[in-house]
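The next block holds one structure in the form of structure tokens; read it before the comments.
The values are calculated or read from the model by the stated rules, or taken from the named source; none is laboratory data. This one's a predicted model, so the numbers in the text were calculated from it and none came from an experiment. Cβ atoms come from the backbone with ideal geometry, glycine included; neighbour counts cover every protein chain shown.
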Amino acid sequence: MNFNLIALVCLILILVVLVAVSQGGSKKALPVKRKDFMTKNELEFWRILVPAARPLHVGPQVAMSALVTTTGKLDKSARTTARNSFDRKCVDFVLFDDAGIVQLVVELDDVTHKAEKDAARDRLTTQAGYRTLRVRRKEAASVGTLEALIAAKLATPGAVQPATPFLEAVK
């Protein structure tokens, strides 16, 4: 009887392993497809923003999770709730210096932007220590106009500090 029980357990284990292996090898492709990196409006704006932002560098479509993180010792639920407010969102552009420090978040306000959501996003980035420049496409028709908007926003109080001293070490 012991032999039959041992044989049955071994057979069950073998079947479990075979099922696991067979499922691992037949993974279906995820339902994903390529999409445009920037909208037509964002690309046109980027072409004006790059020369207007000099000597700063322009990073388009930056994940907010690359800019913002949670603070303090939160329990898992509170941390998840906080991260859910930003971790799947992107900002249109960031302007950063040679040390890699983001000096300004730039949002191109067009028909896809909603005032209430934009205000909540601005509160979050401000709380994290960023200044945000919101620009309507018509306001930034030239490099000179956009340069003036950037300079004015950078001159406002609220100096941006690096998140860690790491970048200071690599200068």
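Points to keep in mind about this one:
- Complete set of residues in the stretch 137-161 that are at pLDDT below 90, surrounded by fewer than 17 Cβ atoms within 10 Å (Cβ to Cβ) and more than 16 Å from PHE96 (Cα to Cα): ARG137, LYS138, GLU139, ALA141, THR156, PRO157
- Here ALA78, ALA82, ALA115, ALA120 are screened, and the one residue that is over 15 Å from the mean Cα position of the chain (by Cα) and either closer than 15 Å to MET64 by Cβ or of a type in the set (Lys, Arg) (or both) is ALA120.
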